1. Which residues does a label at residue 24 reach in segment 257-276, if reach means a backbone N under 20 Å from a point 7 Å past the Cα toward the Cβ?
2. Given a cut-off of under 8 Å on Cα pairs at least six residues apart, what relative contact order in percent is computed for segment 28-327?
3. Would you mind ranking 25, 127 so that the residue whose beta carbon has the fewest other beta carbons within 10 Å leads the list?
4. In terms of the ratio Rg/(2.2 N^0.38 Å) built on C-alpha atoms, what value belongs to the chain?
5. Classify segment 153-214 from the C-alpha gyration tensor, please: rounded if a/c falls under 1.5, else prolate or oblate depending on whether a/b exceeds b/c.
6. Could you calculate, for segment 74-151, the ratio of the Cα radius of gyration to the Kirkwood radius, expressed as Rg to Rh?
7. Say we join alpha carbon atoms closer than 10 Å with springs in a Gaussian network model of the chain; which of 47, 109, 264 then has the biggest fluctuation?
8. Return 215, 58, 82 ranked ascending by Cβ neighbour count within 10 Å, so the fewest neighbours appear first.
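Rule-based calculations on the coordinates, nothing more; no lab input. Being a predicted model, the structure only gives us computed values, none of them experimental. When we count neighbours, we look across all protein chains shown, and the Cβ atoms used for this are built from the backbone with ideal geometry, even at glycine.
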Amino acid sequence: MGSSPDFAATASSQHRQDRSVDRLKYRIALGLFAALVAALAAVPLLAANASFAFYLMVWIAMATGMNICVGFTGYLPFGYVVFYGVGAYATGICFKLLGLPIGVALLAAGLAGAVVALLMTPTLRLKGVYFGIVSLGLATIVRLLISNLPESFTGGSMGLILAGANNPTHSYYAMLAVMTLALACVLWLSTSRLGRQLRAIKDDDGAAACIGINVPRVRLKAWLLAAIIPALVGGVEAWYTNVVDPEYSFHVLITAKSIIYGMAGGFGTIIGPVIGAIALVGIDHVIWERFPLINLLLLGMVIILLMLFLPRGVVGSLIKRRPQLRRYIA
């Protein structure tokens, strides 16, 4: 009995220490993200062509959204591109056919992503590769449905041209806002009650349910959040290029890159997918400039080597080899 107060004091001290470490990691991640946003915000002011920076933001946001699916919930949606595609088409239809302002069209893109996520809610009962395959099948069905709708509505197989929407500077900063939103969401999840619940569910959903966590509801919240981000990305990218094409908007490579970039940095960490996206987008750009004919071959080799020697991603492998860095890296 005499050891109980000592045990309680030790537990309380450990809890305070853990919270202090969490706050430190949060501040470091916040500082890195703030520096990244500031640097990208300055690009249009310093460079005539901001295309590389724009697509860097696209993949940072997509990898971060995928991290919410994989890193916080344990779901790996092979059909993740469906949200990107419906966001692009929602923007195109609202702007070109309904004549709505581009800002309203982008809000419609986010709403469309949320609606599709709600329609896919029953698939959340599945686990592992079964969920991934079903989500890929649903993405294929949505692409075929959109392609076969009347051309006057979706442009058919030719897609839509958003004549009159061209504004590279405004669409650039809109993508910066979407990327910032994605980074803010993952930062919030890292310290919020919802984030802790998601981690508990990922570790053991049965045990999480036993301690009072509403597993379906919590999963649905994360699923909606992870769907809105790529839908907004698809909408802004459609505004930037002024083209909505069914083949590109629902291309499986969009899902593949989101997974690869996030995995390269390390799913389940805050800064990992961001680092992975920056590294691989940069490598892809250099390879494409110098070896345009074999760029995919070389990029594939880089990815294979990365997975072989850093299977947990850059950040995950670094933490494994240097456990003391857990104090600073989230």
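1. 269-272
2. 29
3. Result, fewest neighbours first: 127, 25.
4. 1.05
5. oblate
6. 1.04
7. Answer for the Gaussian network model of the chain: 47.
8. The fewest-first ordering by Cβ neighbours comes to 215, 58, 82.
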